[in-house]
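Presented below is the structure to which this report refers.
The values are calculated or read from the model by the stated rules, or taken from the named source; none is laboratory data. No experiment lies behind these values; they were computed from the predicted model shown. As a convention, Cβ positions derive from the backbone with ideal geometry for all residues, glycine included, and neighbour counts pool all protein chains shown.
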């Protein structure tokens, strides 16, 4: 078998990233769009940690931790907006969320 | 092959650390079997102890003093029809108990029953443990949702909110214990479960007594949070029988229901193990530094055998006290055999203790020590398990909003305060 | 007051109080009739916002046996055992109420000794009923152990019943005009033994609950109902007294031999679940006081009054009520002069008290609904009849 | 004791980066990702995402990043995903589960994603030399300590990332406040 190199991890990360982008661009359900964003963030994290190992220092891992913090904040605020929106409009479909004001 | 098997004996590190997959697998199997047996014992003890708290007898019919009751129950549950409601989400309903069970059992890979009596010594041990045990909530939430019924859904919502909020206080209490591990000469702490116990050994004090009362407060917070975390009384909101019939597992039956029970009890043992490891000196016997002469080692190594001897004596007294009616003949014989079995184990343990004292072979001594470590660890965990039963017999149930109020407005500030004060005291001391 | 009765009447109107938002998580839950905490077959339809109760609707009748209709087809004597099946945890009280109502209709009076026996047995039954209430109420709130303690001690009372009349639950202890059975040898001793045995047990219950932090948090300020609301809804018994209204038929309209005994009516102040708990605990102690006086002063004499073999009350109607453990238990009997009642109507305390459930639980949580059902102390046999 | 065992004991840790585990975890992650974006039911998506997250945590372990793996399990799988499931249960999805899964613009979105994929492929194909084949063996046992040193500094010196860390905590605080205010019914 081929030894596992950084590129292998990058390919996995790229696949996850593209999947996330597809989810964000095509799904209607906001919850799944938010989950796809988590997928994208994870792909980035995987890249960072792989690079961290490639260069032999921990900066990449640190950045990954910061991104996890970011993801937690994003999920909290995103889901908060979602609940507030659902309470007012009773829908969680992105293409019905098209008014700037009502 | 014998060489391969023997290679690990006499080693002083865990099989995971030694990279020995064979022994790691053996350890995993032993732990899996041990935890399952412990859950079965716990089931019997809980029913018996609870019954005696409540002036009842508890199970008495299946086997002498109901000793075979858990086995009969397990058989019954396995043979029962596995009902999946037609409106339920079939796949998720099917997979939910497995999530909980997997999370509860995965935790055991890092629980240190002794300095080398663990599957692996992860250097993020406690982090891994908190993380994996928090996955158990997923099984509950998903089970409640998949049942497609109101009571399970409310139970699932309650338990998810409850577990997430108590995890915060729990984590902070754990951090204050981890801070204490760094108060040694080199100034580096550790997250490894084995390292935490060794730190207590080096500092010569269980962390519950460290910086009295700081360690005690953190321990109490953890002890409360772990009851909430495992959904046990008085925090058993998620399965509150009188309110939600059975909470998240209302729609479950048979084997799948018993998996939930197994997961719940396994999780109880797991969180108790965390508490024992962090604050009560893990596998260490009382006063390991003060009374460290070989003679003391020998005396303390007699304890496992004596405990089993005591249990055997209780069983023998029970045999003698059974009615002399011929109707009870089989039960009497059964109990006598059980007592003899306990006595045999006791003699075996005593023989090992004596052999370990006089035959100084490394493998033999290590075996003796291993039994010693496991005994003290299990004893400490057993105290917690008894407390779980005691809580259940004594207290009414909290209401959901009160539970959240306690979690966020009482436990969280106190644990934060303890963390800060511990850090300050630690800096001053070092 | 008017506002209160309006609220009680608009029981079925489960409108959301605030309509400014389309509420995302309004949930309608069917609690019962198969539910561990609805004390039998009560069905409560809860409308919830998350866990907050917006409104309730009680659906009753799952245990309806047509007791009042049966009465029209039975002679007065034959109907006597049926009343035991209404509030089956306080069968003696039911029988007392019925027998006294028929006696009043016929203008006969039970002899003093019969009255004393009636008081002793009824008060013992009150204690048994309160014990059952305490056990199940505590179990609803999550404390398992008191249930088993109360059942252990209730057994002593049931033993006395069994020795007296042969039955433990549906006793059928009294006859129209007095008692059928003379007390058995050792009755007084048994009762006195119980008087000595029971006070420490009450202390035991109280040690488990009265100052328990969790119990206090679960019961204080839960299910509050004011005295005025109680009166408007016709709520009686310990629920009414816990709201600060000193109304006890044993004092207000003394029946049997109650006017001869010295006892107090415990009342509460806040009308919350904790006060109802305290009132019932105090009532148990007061019952012991009554029993003690009765058993010490029990007169000799006949136990049956002068009643004909065939009971044929004169034409007329009568309403007689007694203080059952759960509240005012009334019998309204219309007689057409035949051997069977023309119409018999029971005023069951549980049925009337259940009306208060809705206004007591609005705005509380699901867990409190269970606590409030427990504290109302309803027996579905009596609600549905 | 045989020599193999001995060497494993001496080196402290056997190499964990075996191809088998890599392919298994990578496969799980990608399959989970595919399920996330294709499932009709949001709870199924969430479960698939949990599988992906755990697989990625396993990959972190293989990259000698145990602390990041632990954080991933605690924060993502134990925290964020529970939040997601909670919200999915709060919002009624019965209606949306019967509707179209994808929005009207889905061909455009798919095309854009494909373009991105092509970009990645070309970047990896052409710039392979940029990613050297070396894989450092990071000191695993002191991973947490080193991360802590970089975050908090040591011996009275500020760490490299202390300021960023504080900013991140501020971000979290703001996020908490925002979430609380937005989910409140009446402000």
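Against the numbered list (1) closer than 23 Å to residue B:114 by Cα; (2) within 11 Å of another protein chain (Cβ to nearest Cβ); (3) assigned to a helix (DSSP H, G or I), residue B:141 comes up short only at (1).
It is to be established whether one or more residues within segment D:77-90 are farther than 22 Å from residue B:128 by Cα, more than 8 Å from chain B (Cβ to nearest Cβ), free of Cβ contacts under 8 Å to residues at least 40 places away in the same chain and not in a helix (DSSP H, G or I). So far as segment D:77-90 goes, no, none of its residues is farther than 22 Å from residue B:128 by Cα, more than 8 Å from chain B (Cβ to nearest Cβ), free of Cβ contacts under 8 Å to residues at least 40 places away in the same chain and not in a helix (DSSP H, G or I). Among the residues examined, residue D:187 does not qualify as at pLDDT below 85 and either surrounded by 16 or more Cβ atoms within 10 Å (Cβ to Cβ) or in the same structural domain as residue D:63 (by TED's automatic domain parsing) (or both). Based on this model, can you work out whether residue C:328 counts as under 20 Å from residue C:377 (Cα atoms) and in contact (Cβ under 8 Å) with a residue 60 or more places away in the chain? It is true that residue C:328 is under 20 Å from residue C:377 (Cα atoms) and in contact (Cβ under 8 Å) with a residue 60 or more places away in the chain. Residue check: is residue A:4 farther than 20 Å from residue D:111 by Cα, out of contact with any strand residue (DSSP E or B) (no Cβ under 9 Å at 6 or more places or on another chain) and either modelled with pLDDT under 90 or not in a loop (DSSP other than H, G, I, E, B) (or both)? Spelling it out, residue A:4 is indeed farther than 20 Å from residue D:111 by Cα, out of contact with any strand residue (DSSP E or B) (no Cβ under 9 Å at 6 or more places or on another chain) and either modelled with pLDDT under 90 or not in a loop (DSSP other than H, G, I, E, B) (or both). The criterion of being at the interface with another protein chain (Cβ under 8 Å from one of its Cβ atoms) and assigned to a helix (DSSP H, G or I) does not hold for residue A:43. Only residues that are more than 7 Å from chain D (Cβ to nearest Cβ) and in contact (Cβ under 8 Å) with a residue 12 or more places away in the chain were counted across segment A:55-69, and they come to 3. Restricting attention to segment C:103-119, the residues being more than 21 Å from residue C:327 (Cβ to Cβ) and in contact with a helix residue (DSSP H, G or I) (Cβ under 6 Å, 6 or more places away or on another chain) number 1. Based on this model, can you work out whether residue B:108 counts as outside any loop (DSSP other than H, G, I, E, B) and within 30 Å of residue C:44 (Cβ to Cβ)? No. When the criteria are applied in full, residue C:90 fails the requirement of being crowded, with 24+ Cβ neighbours inside 10 Å and over 30 Å from residue C:276 (Cβ atoms). Among (1) within 14 Å of chain B (Cβ to nearest Cβ); (2) free of Cβ contacts under 8 Å to residues at least 40 places away in the same chain, where does residue C:243 come up short? Unmet for residue C:243, out of (1) within 14 Å of chain B (Cβ to nearest Cβ); (2) free of Cβ contacts under 8 Å to residues at least 40 places away in the same chain: (1).
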